Amino acid sequence: FRIMAGKVKWVTDIEKSVLINNFEKRGWIQVAENEDWNFYWMSVQTIRNVFSVETGYRLSDDQIVNHFPNHYELTRKDLMVKNIKRYRKELEKEGSPLAEKDENGKYIYLDFVPVTFMLPADYNLFVEEFRKNPSSTWIMKPCGKAQGKGIFLINKLSQIKKWSRDSKTSSFVSQSSKEAYVISLYINNPLLIGGKKFDLRLYVLVSTYRPLRCYMYKLGFCRFCTVKYTPSTSELDNMFVHLTNVAIQKHGDDYNHIHGGKWTVSNLRLYLESTRGKEVTNKLFDEIHWIIVQSLKAVAPVMNNDKHCFECYGYDIIIDDKLKPWLIEV
């Protein structure tokens with residue numbers, strides 16, 4: 001953008017100090033949204049208005065915004081899984097070696113999201129899968145919520161029976177985001193550090209989907225649980241054991257307000273290199289980067305690749321005790 005040479009005029013409707021401090025540090029000029037702006041850091045709601053058929057308006061060549069019009073294809077839990085499943089099928093049709101399966105019919109390379117079903121829509125498929133492995137634990141998440149809200153773990157079909165009743169009586173329930181849940185096989189063998197479960201939050205900037213161009217932010221971090229991990233079913237209700245979301249952990253008695261239960265990715269790397277060796281650590285991070293690219297390729301065909309848009313995604317990755325990375329959500 002040629003405007004970047006001069007002073008960028010910016011607007012935001014999210015009063016976050018991290019945004020405002022950064023824009024001001026660059027000497028950019030804040031303007032009101034009805035003025036002439038180059039850069040608008042928008043909430044999701046505002047993006048909807050900008051790109052909606054009724055209220056939408058044309059952006060000029062020197063204007064950029066921080067979301068793609070249908071970013072939710074990647075950031076909604078149910079749509080991300082749907083797009084990855086579609087991507088696998090397409091690669092299979094093409095006879096791509098990436099879609100290779102083992103003798104049990106499991107993807108060798110593309111098995112990077114836990115087995116997931118939409119509820120209530122896929123209830124019967126879920127039951128079938130549950131019965132294959134009745135000792136498994138599953139995690140239920142509402143599709144449209146963040147920060148660990150509304151999440152719970154189950155290990156008995158009875159805990160989910162009410163869902164089946166809903167799904168029989170009304171097919172439209174699954175359409176409304178209020179009621180739609182995803183249920184995923186819970187990774188119950190996470191890699192533990194100091195006995196605690198953690199996940200990785202990595203930031204990825206996408207400047208264009210076609211051609212795909214993405215950048216990995218160096219300063220990712222690990223988020224730790226405050227309570228030691230146990231796969232024991234008696235602790236299924238204890239979210240301090242299972243969920244790494246800071247929104248949840250900060251209420252725990254053992255939460256550390258100085259480091260917030262976080263490590264930098266470079267610390268994790270050092271720790272793994274010293275405990276597991278350099279080679280497997282490098283392999284792990286290569287796999288994580290590969291997963292990120294594959295997930296972006298999975299949504300690229302459906303993404304409205306508007307030239308005025310970019311997006312910074314937060315990737316949540318869990319590493320299991322075999323050092324296999326799993327994409328949990330974006």
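Would you tally the net charge around residue 214, using a Cβ to Cβ cut-off of less than 13 Å, leaving residue 214 out, and scoring K and R as +1, D and E as -1? That works out to +2.
Seen from residue 313, the other residues with C-beta closer than 12 Å to its C-beta sum to a net charge of -3, counting Lys and Arg as +1 and Asp and Glu as -1.
The GluC sites (Glu not before Pro) of region 76-153 that meet both conditions, a loop assignment by DSSP and at most 10 other Cβ atoms within 10 Å of the site Cβ, are 94, 103. Computing the accessible area with a 1.4 Å probe over protein heavy atoms, can you report the carbon and sulfur percentage for region 9-67? C and S fraction of accessible area: 49 percent.
Per-residue packing, averaged as other Cβ atoms within 10 Å, sorts the ranges 73-80, 196-203 into the order 73-80, 196-203, beginning with the highest.
Prolate is the label for region 242-291. Its Cα gyration tensor axes, ordered a ≥ b ≥ c, give a/c of at least 1.5 and a/b above b/c. Computed 3J(HN,Hα) for region 244-261, one whole-Hz value per residue from the Karplus formula 6.51 cos²θ - 1.76 cosθ + 1.60 where θ = phi - 60°, is 8, 3, 4, 4, 8, 4, 5, 8, x, 4, 9, 5, 9, 6, 7, 9, x, x, glycine and proline marked x.
Roughly how big is region 9-67's charge dipole about its Cα centre, with Cβ charges of +1 (Lys, Arg) and -1 (Asp, Glu), in debye to the nearest 20?
220
Rounded to the nearest 20 debye, the dipole magnitude of region 192-329 is 460 debye, with +1 charges on Lys and Arg beta carbons, -1 on Asp and Glu beta carbons, and the Cα centre as origin. Remark on residue 229: its backbone amide H falls under 5 Å from those of 196, 197, a criterion applied only to residues 5 or more positions apart or on other chains, H modelled at 1.01 Å from N. Give the distance, in whole Å, between the Cα centre of region 255-330 and the Cα centre of region 72-137. Between the Cα centres of region 255-330 and region 72-137 lies a distance of 20 Å. Note on residue 197: lysines with a C-alpha under 19 Å away, same-chain residues under 8 apart excluded, are 141, 149, 228, 250, 262, 322, 324. Remark: spin-label model distance residue 302-residue 152 equals 2.9 nm, labels positioned 7 Å along the Cα→Cβ axis. Once backbone amide H atoms are built at 1.01 Å from N, residue 101 has 108 as its partners under 5 Å, excluding neighbours fewer than 5 places away on the same chain.
Think of each Lys and Arg Cβ as +1 and each Asp and Glu Cβ as -1; about the Cα centre, that makes the dipole of the chain roughly 300 debye.
Relative contact order, whole percent, for region 9-67 stands at 39, derived from Cα pairs under 8 Å and 6 or more residues apart. Residue-wise HN-Hα couplings along region 142-158, as the Karplus relation 6.51 cos²θ - 1.76 cosθ + 1.60 with θ = phi - 60° gives them from phi, are x, 5, x, 10, 10, 6, x, 5, x, 8, 8, 9, 9, 9, 9, 5, 4 Hz; Gly and Pro carry x.
The values are calculated or read from the model by the stated rules, or taken from the named source; none is laboratory data. For clarity, every value in this text was computed on a predicted model and none was experimentally measured. All Cβ positions, glycine included, derive from the backbone under ideal geometry; neighbour counts span all protein chains shown. Note: areas computed on protein heavy atoms with side chains; ligands, DNA, RNA excluded. Shrake-Rupley method; radii C 1.70, N 1.55, O 1.52, S 1.80 Å.
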